[in-house]
Amino acid sequence: FLRSVKTEEDGTKNISEESYALMAELRGMLGVSEDEGLNQVRAFFGPELQAVLTDATDEILRGNATDVLLANLKEKVDKVIDTYKLDEEMVGMYVGPLYARAVQEIGSNTPGGIPSADEVATLASLRTLLNIDEEDTYQVHLDTFGIAYKKGIKEALGTTGVIREEFRQPLEDLRSRLGMSDEQTEEIYREVLGERMVPMVEFISNEMERLVLTKDQLAQKRGADYGEDYFKGGSKASGNLGLGTDGNIMSDIMNLIDFYVENGIVQKEVVGTKKVEKKVPSDEEGGEEKTVTEEEPVYESTYPITATGLGCIDEKVAELCYRQFVVSSFTDQSPNAARYEASKATFGGILGLSADKMEEIGSNIGGMVYDNYITQAMSTKDALDQQDM
């Protein structure tokens, strides 16, 4: 191998095609694997590649890289790769760490860890030079700039806990500038909102326990475990449960729902299609309307962050909170009653309850409300009249 390496007049080293062919034949005679032959090439020419890549990277990092400069630098790098017939895997071993170093250097030298527009352009030029796909750089950008994006989300939430419309586009611009994937930024977004959501849920949970458990039960639950099943059957405990609950935490629950919905956490997913009939005008003037059948997508709401998933409420208390919410939607006579009714499924989803569990709780409470109404009506008359119906 060393004998095959020739030094040109300009000082560059080279191996001719003929020499490569002879080395391949020699490897076969000596039983040396192709991988071992590649290792020899990497060991000998690796420093050459490292030097030209490092020089080119440093030149790009000075900023304001023109197309001409980029083309010249890329030509020098490609010449080394082509001359020494270096494989893609070997080149990748050098360009990855160089790009990571550049990102970290920019991240540590910028105010707030947010790169300027010029620095974003510099990194784009560097990716072109090093022939790196943007998708392959997402992780190093996340590691370097993820904290800045998280801080930006917290600042956008402000004291209200809801990102106002005028802050959404700047937040999207920040995401684009930081060079992270949609999936990564969405995960950070949900992480921040989950952190904000925990104390809201804990307050509701604690208030619900305080309202429905006796002092002894509350002390035992928070001190160790549940002991006997205080929640069995919904209204079997010695404290107040279900329809008899004192106090009102509905405003806190609605604040949680508004926080969740207005921050766009609820996801809509297409789960199928349905056929619908629509009336369309006739093509002829004065003609009759025609009925056409079209297929429309059927959407289902999903809840990527749930109270039970965050671990800030256990399933039994979550069911109890949902039960109280449904009770209020049945019995509340204020203008908020319609909001409560429309928000039942959303609140259940936020808590992390399944559709079947929500249906079960709703059915049980509906029967209780109906029985209570009939009993109350019959206590003042012998038979129900048309108004009662």
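Structure notes:
- Anisotropy class assigned to region 159-209 is oblate, per the alpha carbon gyration tensor with a/c at or over the 1.5 cut-off and a/b no larger than b/c.
- Subset of 316/357; 215/316; 154/316; 316/344 violating a 20 Å alpha-carbon distance limit: 154/316
- Measuring with a 1.4 angstrom probe and ignoring ligands and nucleic acids, residue 330 comes out at about 80 Å² accessible.
- Once both labels are positioned 7 Å from their Cα atoms along Cα-to-Cβ, the gap between residue 308 and residue 270 label points is 3.0 nm.
- Between residue 58 and residue 176, the FRET efficiency estimated from the beta carbon spacing at R0 = 22 angstrom works out to 0.25.
- Kirkwood Rh, Cα atoms: Rg over Rh of region 51-145: 0.97
- As a fraction of the 1.4 Å probe accessible area of region 36-96, surface on carbon and sulfur atoms comes out at 51 percent.
- In order along region 339-346, the Karplus-derived 3J(HN,Hα) couplings, from 6.51 cos²θ - 1.76 cosθ + 1.60 at θ = phi - 60°, round to 5, 4, 4, 6, 9, 4, 5, 5 Hz, and Gly and Pro are given as x.
- With a cut-off of 20 Å on the backbone N, the residues of region 71-94 near the modelled label site 7 Å out from residue 35 along Cα-Cβ are 86-94.
- Whole-Hz Karplus values for region 321-336 come out as 4, 5, 4, 5, 5, 5, 4, 5, 5, 7, 9, 5, 10, 7, x, 7 Hz, taken residue by residue from phi with 6.51 cos²θ - 1.76 cosθ + 1.60 and θ = phi - 60°; glycine and proline positions read x.
- Heavy atoms of the protein chains alone define the surface here; on that basis region 24-174 has 57 Å² accessible area per residue at 1.4 Å probe size.
- A simple rule links phi to the HN-Hα coupling: the Karplus curve 6.51 cos²θ - 1.76 cosθ + 1.60 with θ = phi - 60°, which for region 80-95 gives 4, 5, 6, 4, 8, 6, 7, 7, 4, 4, 5, 4, x, 5, 9, 6 Hz, with x for Gly and Pro.
- Under the simplified labelling scheme, the residue 85-residue 134 pair shows an inter-label distance of 3.6 nm, with each label point 7 Å from Cα along Cα→Cβ.
- Qualifying GluC sites (Glu not before Pro) for region 185-219 [loop in DSSP, other Cβ within 10 Å: at most 15]: none
The values are calculated or read from the model by the stated rules, or taken from the named source; none is laboratory data. Because the structure is a prediction, the values reported are computed rather than measured. Counting neighbours? That spans all protein chains shown, and the Cβs are built from the backbone with ideal geometry, glycine included. Surface accessibility is based on the protein's heavy atoms, side chains included, excluding ligands, DNA and RNA. Shrake-Rupley method; radii C 1.70, N 1.55, O 1.52, S 1.80 Å.
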